[in-house]
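Report on the following structure.
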Amino acid sequence: MSHSFTRVALSCLALASLATVAQAQQQPPLKVGLMLPFSGTYSALGVAIENGFRLRVQELGGKVGGREIEYVKVDDESDPAKATDNVNKLIKRDNVDVIIGTVHSGVAMAMAKAAKESGTVLIVPNAGADAVTGPMCAQNIFRSSFSNWQPAYAMGVVAAKEGKKTAMTITWKYAAGDESVAGFKEAFEKGGGKVVKNLTVPFPNVEFQALLTEIAAAKPDAVYSFFAGGGAVKFVKDYAAAGLNKTIPLYGPGFLTDGTLQAQGDSAQGMLTTLHYADGLNTPRDNAFRTAYATQFKLQPDVYAVQGYDAAQMLAAGMAAVKGDIGKKAEFAAAIEQAKIDSPRGAFTMGKSHNPVQDFYLRKVEGVENKVVNIAVKGLADPGRGCRM
């Protein structure tokens with residue numbers, strides 16, 4: 001009697017476990033839309049983000065929450081005019097479960113609007129537009145990178161601590177520039193400094209001479225600048241050529257010197273910037289990531305690769321909690337909100353508006369590296385102004 005009871009019990013257990021396996025096998029692949037720049041100015045950034053994302057998925061055995069991944073790629077061309085059509089193709093035509101994108105803030109804003117309306121999960125692996133985790137925030141929208149306010153605020157803290165009393169800011173006249181200089185001003189003035197003038201040039205203009213003359217005449221204690229790519233190269237070189245770097249230190253967020261040091265050469269040496277990643281962190285986590293990335297892609301990783309890698313880590317945390325059922329939106333969101341992401345940049349958590357709460361490093365240019373000096377601000381959370389979730 002007892003033997004037959006045991007046999008029945010074991011048979012039931014075996015059937016139950018087979019049913020679980022069958023259920024897992026029945027789940028279709030998770031459709032992930034990669035909407036990134038694969039051509040044009042930002043193509044290298046799009047590739048780095050995709051590489052980082054795929055590397056983490058590969059480390060997880062090719063699955064998240066027990067589901068294989070099927071990728072659908074769209075080149076957003078960093079063109080806001082095409083953004084709504086592109087994102088709607090992914091949502092309505094391709095029926096993706098998750099969207100990863102993008103670099104350009106104007107494109108990301110259109111993506112956030114579509115994601116908010118459709119309820120599709122969106123993880124932003126770069127674009128810093130404050131509104132994504134501010135007024136556009138939603139339960140299904142997350143960011144694995146930064147808000148424009150964050151690195152700028154960290155540099156304002158540094159400049160004030162260094163005893164600078166007056167500063168001028170200079171940037172392109174567009175949203176990212178406006179948000180960056182506002183973040184710097186907030187922290188610098190809170191620390192006792194005063195921004196005496198905001199200078200702007202139309203985007204993507206790189207004629208700086210008249211403004212450099214104005215800076216030289218005003219003699220502020222410091223200049224805070226937000227440029228990236230070719231604009232950052234030209235500005236840093238022109239600033240040094242005018243001799244200003246000898247008397248007025250030039251500060252900025254990491255984008256001023258990330259990916260531009262080779263071209264900036266001697267002009268950038270000794271410059272201080274703030275960012276959530278740096279060369280020479282030399283932690284076991286970062287070293288393992290850098291080795292794996294270089295082995296796989298024959299390239300050195302950068303901040304963009306880290307942000308792509310961490311987008312996959314965030315997705316995996318949510319998917320594990322819902323056992324692959326991304327339809328459980330509240331549980332999925334709660335899991336990411338409560339997760340501690342073990343990032344190459346250093347562990348971070350999610351703020352109330354779904355933006356990383358993370359350390360910002362003070363970095364100094366040495367040769368062609370942005371070497372870590374120290375942590376400028378620990379656990380800096382974006383204020384998420386205007387977020388009503």
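The values are calculated or read from the model by the stated rules, or taken from the named source; none is laboratory data. Predicted model only: the values in this text are computed from it and were never measured. Heads up, the Cβs are rebuilt from the backbone with ideal geometry, glycines too, and the neighbour counts pull from every protein chain shown. Keep in mind that these areas ignore ligands, DNA and RNA; they rest on the heavy atoms of the full protein, side chains included. Shrake-Rupley method; radii C 1.70, N 1.55, O 1.52, S 1.80 Å.
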For region 276-389, just say rounded, prolate or oblate: build the C-alpha gyration tensor, square-root its eigenvalues into a ≥ b ≥ c, call rounded for a/c under 1.5, and beyond that prolate if a/b exceeds b/c, oblate if not.
oblate
Over what distance in Å are the Cα centres of region 325-389 and region 172-245 separated?
26 Å
Shape verdict for region 155-273, please, from the Cα gyration tensor: rounded (a/c under 1.5), prolate (a/b greater than b/c) or oblate.
rounded
The chain: angle of helix 175-190 to the longest principal axis, Cα-based, in degrees nearest 10:
70 degrees
Counting only protein chains, not ligands or nucleic acids, how are Tyr293, Tyr174 ordered by accessible area (probe 1.4 Å), most first?
Tyr174, Tyr293
At R0 = 35 Å, FRET efficiency that the Cβ-Cβ distance of Arg285 and Asp325 yields, to 0.05:
0.75
State to the nearest 20 debye the size of the charge dipole of the chain about its Cα centre, where the only charges are +1 on K and R beta carbons and -1 on D and E beta carbons.
640 debye
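For the chain, what is the mean residue ellipticity at 222 nm derived from helices alone (per DSSP H run of n ≥ 4: -39500 (n - 2.57); sum divided by total residues; nearest 500 deg cm²/dmol)?
Details: 12 runs with 164 residues, N = 389.
Computed mean residue ellipticity for the chain: -13500 deg cm²/dmol.
Hand me the GluC sites (Glu not before Pro) from region 130-236 located in a DSSP loop with no more than 16 other Cβ atoms within 10 Å, in residue order please.
Working: sites: Glu162, Glu179, Glu186, Glu189, Glu207, Glu214; in loops: Glu162, Glu207.
Hits after loop and neighbour filter: Glu162, Glu207.
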If one takes the longest principal axis of the Cα atoms in the chain, at what angle in degrees, from 0 to 90 and to the nearest 10, does the Cα axis of helix 105-118 lie?
30 degrees
If you compute Cα extents along the principal axes in Å for the structure shown, which of (i) 98, 43, 39; (ii) 74, 46, 39; (iii) 67, 44, 43 do you land on?
(i)
Among the listed pairs Lys63/Lys378; Lys92/Lys116; Lys234/Lys298; Lys219/Lys378; Lys161/Lys219, those beyond 22 Å (Cα-Cα)
Lys63/Lys378; Lys234/Lys298; Lys219/Lys378
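If you average the sequence gap of Cα pairs under 8 Å that are 6 or more apart and divide by the length of the chain, what percent do you get for the contact order?
18 percent
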Checked against a 23 Å limit on the C-alpha separation, the offending pairs among Lys197/Lys371; Lys82/Lys185; Lys173/Lys371; Lys190/Lys246; Lys31/Lys323; Lys113/Lys197 are Lys197/Lys371; Lys82/Lys185; Lys173/Lys371; Lys190/Lys246; Lys113/Lys197
Taking 0.36 nm per residue of separation and subtracting the Cα-Cα distance, what length does fully extending Ala241 through Ala334 add?
28.3 nm
Just to confirm the number: angle between the C-alpha axis of helix 2-26 and the first principal axis of the chain, 0 to 90 degrees, nearest 10?
40 degrees
